[in-house]
Amino acid sequence: MGLLDAFGEALKKKKSTLADKDYKCPSCGTKITLDMERCPQCGVRIKSMFRKKCPKCGEMCELDAKICPKCGYNFEAEIARARKTIWRCPRCGYEMDSLYTQCPACNIRLM
Ligand SMILES: [Zn+2]
Ligand SMILES: [Zn+2]
Ligand SMILES: [Zn+2]
C-alpha cells in the first residue's frame with residue numbers, strides 16, 4: 001500500500017531527475033555527473049554505464065565514442081559545430097571565428 005506508493009513516487013522522481021541531467025551511479029546510487037570518469041563512491045566506470053544516442057540512427061553509443069559504430073555519424077564534428085560562434089562585423093559583415101578587436105576586412109574597431 002503505502003510502500004508501493006512510495007516506490008511509484010521514487011520511479012517518477014528517477015525519471016524526472018534523469019531528464020534534468022542529474023545522474024546517479026547505477027551501481028551504488030551516489031550522485032554523479034557524466035564528466036566524471038568513475039564513481040567517487042564505488043569506482044564503477046561511469047562512461048561504460050551510460051550511453052548517448054546517435055542523432056542520426058538512434059543507436060546507443062558509448063559516451064566517449066567519436067563515431068557512431070552503426071551509421072558512422074561523427075559526434076565530434078557536431079560538437080565542434082555547436083561550439084563554434086561566428087562573429088559578424090557590424091559594418092562589412094565579415095565573419096570571424098573569434099572576436100577580434102578590429103575587423104580584418106574593413107578595420108573597423110570592434111572593441
Ligand atoms: Zn557508485
Ligand atoms: Zn548512428
Ligand atoms: Zn568589417
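The values are calculated or read from the model by the stated rules, or taken from the named source; none is laboratory data. Every value quoted in this text rests on a predicted model; they were computed, and no experiment measured them. Methodologically, a virtual Cβ is constructed for each residue, glycine included, from the backbone with ideal geometry; neighbour enumeration extends over all protein chains shown.
The figures follow:
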{"item": "Selected residue (criterion: farthest from ligand 3 (Cβ to nearest atom)) from residues of the stretch 15-31 that are in contact with a Lys or Arg (Cβ under 8 Å, 6 or more places away or on another chain) and modelled with pLDDT of 90 or more", "result": "Thr30"}
{"item": "Selected residue (criterion: nearest to Lys53 (Cα to Cα)) from residues of the stretch 96-109 that are more than 8 Å from ligand 3 (Cβ to nearest atom) and not in a strand (DSSP E or B)", "result": "Asp97"}
{"item": "Unique residue being at negative phi, in contact with an Asp or Glu (Cβ under 8 Å, 6 or more places away or on another chain) and at pLDDT 85 or above when the list is Arg38, Arg51, Arg109", "result": "Arg51"}
{"item": "Test: residue in the stretch 58-71 that is on the phi < 0 side of the Ramachandran plot, modelled with pLDDT under 90, exposed (fewer than 12 other Cβ atoms within 10 Å of the Cβ) and part of a loop (DSSP other than H, G, I, E, B)", "result": "yes"}
{"item": "Filter result (near ligand 3 (Cβ under 9 Å from one of its atoms) and in a strand (DSSP E or B)) within the stretch 82-95", "result": "Arg88"}
{"item": "The stretch 71-108, residues that are over 29 Å from Cys57 (Cβ atoms) and touching a strand residue (DSSP E or B) at 6+ places or on another chain (Cβ under 6 Å)", "result": "Trp87, Arg88, Glu95, Met96, Leu99, Gln102"}
